[in-house]
1. How much accessible surface area, in Å² rounded to 10, belongs to the heavy atoms of Ile123 with a 1.4 Å probe?
2. Would you tally the net charge around Leu233, using a Cβ to Cβ cut-off of less than 13 Å, leaving Leu233 out, and scoring K and R as +1, D and E as -1?
3. In whole Å, how far is the Cα centre of the range 455-498 from that of the range 252-277?
4. Count the net charge of all other residues whose Cβ sits under 11 Å from the Cβ of Ile123, scoring Lys and Arg as +1 and Asp and Glu as -1.
5. Considering only Asn448, Ile403, His385, whose Cα is most displaced toward the positive end of the charge dipole of the range 338-487, charges sitting on Cβ of Lys, Arg (+1) and Asp, Glu (-1)?
6. Could you give the distance between the Cα centres of the range 133-161 and the range 364-397, to the whole Å?
7. How would Trp86, Trp426, Trp262 rank on accessible area, largest to smallest, probe 1.4 Å?
8. Quick check on my link table: of Lys83/Lys502; Lys302/Lys441; Lys68/Lys202; Lys29/Lys102, which ones sit more than 27 Å apart, alpha carbon to alpha carbon?
Amino acid sequence: MTVPKLGDELQKPAVVTDDSNLDDKPNLKGDWLNFFLLLLLYTMQGMPLGIASAMPIILQSNKNVSYKDQALFSLVSWPFSLKLIWAPLVDALYIQKLGRRKSWLVPVQYLMGVCFIYMGSNIDEWLPETRKPDILKLVIVFFFAKILAATQDIVVDGWALTMLKKNNVGYASTCNATGQVMGIMISSVFSVLLTSEDFSNKYLRIRPDVGGVFTMKSLFYVWGILFILITTLIAFFKKEKDNRLEDDHVKLNIVQSYSLLWDILKLPCIQLLAIALLTAMIGFAATDSASILKLIDAGVPKDNIMVIHTMMFVVKIILPLIIAKYTSGPKTMNIYLTAIPIRLLWNISFVAFIYYTPVMISMINGFVNIPIYYYALLVFILAIHDILANIMTVAMLAFFSRISDSRFGGTYMTLLSTLSNLGRAWSNSVAIGMIDFLTFKECSLDHNNNCSTPNLKNVCQTNGGDCNVIVSGYYVETAVCTMIGIVWFCIFRIILKNIQTKDSSHWLVNIKKPTN
């Protein structure tokens, strides 16, 4: 879930402290159009995120793609972890006549539409069916798309605080969570399933045909045109409130916005929390980044993986509502810390499941035969994993909300979520990049040939041999990550429990009120 960004909190605080508003119950009467517009904008934001999340699955089905290639592509997840770098620019620079938020939203979404059309024009060349994909070009274009999506996230989060009435601002998070998941589901499902010949022939066609119902090229063109049309309608028909008329309006310049971030980072408690956030995901990095890819390597069809992956979105939508009452108390980190050892133990289930996958599935007449019980086990393992991961996420976000200085809660929350996202991004990128390095192979005909280079592999295959895996890097890395996670838990368990008992004075920032 995203949070309000820099500068917004001085106009519409993310954490409401005005007592006069506390008795105003939420009522969307007169606000329904704004609610649906926000839902639409967050859904549009989820579209590039969903395509980027589906791309590793599409790439892994191409036997010419290595884990080093996957590690390179994982870099596209970084813009959302780094958006705090340019968030002050989005808040401080705008054209008053166009509107503070529309000054950025309109050009960013137009660029996103153009980016989709450009992808459609080149996707067949970048992602051929038989040859090795052009990973570098895919990384460049998806990285740029993620930068645009992250910028749109900053803009929409800020606009939501003024677009909705004061008593309805809480609905912004609902639009955020629901819209993003909808966008991710639509784009990822369409990208994988509706372009799949096997899935289309099995479930969507009366008579078998070549190719999927859609091509990647046509999907990108459709999404690009929709982005441009919707953005044009918003530009002409949606008026933005003059931010100078807002209560307690204060305009921060760029220097003041960055200075605010530095003041937050100087707090001792924040420094301890930052270290914890940047290292918390190491214990789960191997299973989070590579487990699905290993299943595809073992022969599980990517279409079936995508169907199961889509089912897990239901968990992500419902679970936060179920556990909300448990994460609203003063000691939410207790819930976070309780989930960690269980999740570390659950790493073993992934290792065992992947290890025995070749035993449970079989090849019949050249087709993969996978029994129903295998998919039932897979759904169970992924469901428990997603439940634990979401419990940790919701508990951590609740902790962020409780400790954030309410005078500028948006900046505070964005900084903390950025640290959390960055910790996940770097650990996953490193984990997936190390798998090939930790994997050891041997030619079946020549024990001196370790198949470590393309030339050695060709020599082995030319002589009629196979490059057999002697030691799988995935298993080695999962063991190492789990041990690091146990050490992390032993170190930070006491630290985080102590931090959550600190009173608000340890989290407040002393900053001079800027002048207009």
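1. Result for Ile123: roughly 0 Å² accessible.
2. Every neighbour counted, the sum reads +3.
3. First find each Cα centre; the distance between them is then 35 Å.
4. Summing Lys and Arg as +1 and Asp and Glu as -1 gives -1.
5. Ile403
6. With the range 133-161 and the range 364-397 each reduced to a Cα centre, they are spaced 28 Å.
7. Highest to lowest solvent-accessible surface, that is Trp262, Trp426, Trp86.
8. Lys83/Lys502; Lys68/Lys202
The values are calculated or read from the model by the stated rules, or taken from the named source; none is laboratory data. Remember, predicted model here, so these are calculated numbers, not experimental data. All Cβ positions, even for glycine, are placed from backbone atoms using ideal geometry, and neighbour counts span all protein chains on display. Note: accessible area is taken over every heavy atom of the protein model, side chains too, but ligands, DNA and RNA are not part of it. Shrake-Rupley method; radii C 1.70, N 1.55, O 1.52, S 1.80 Å.
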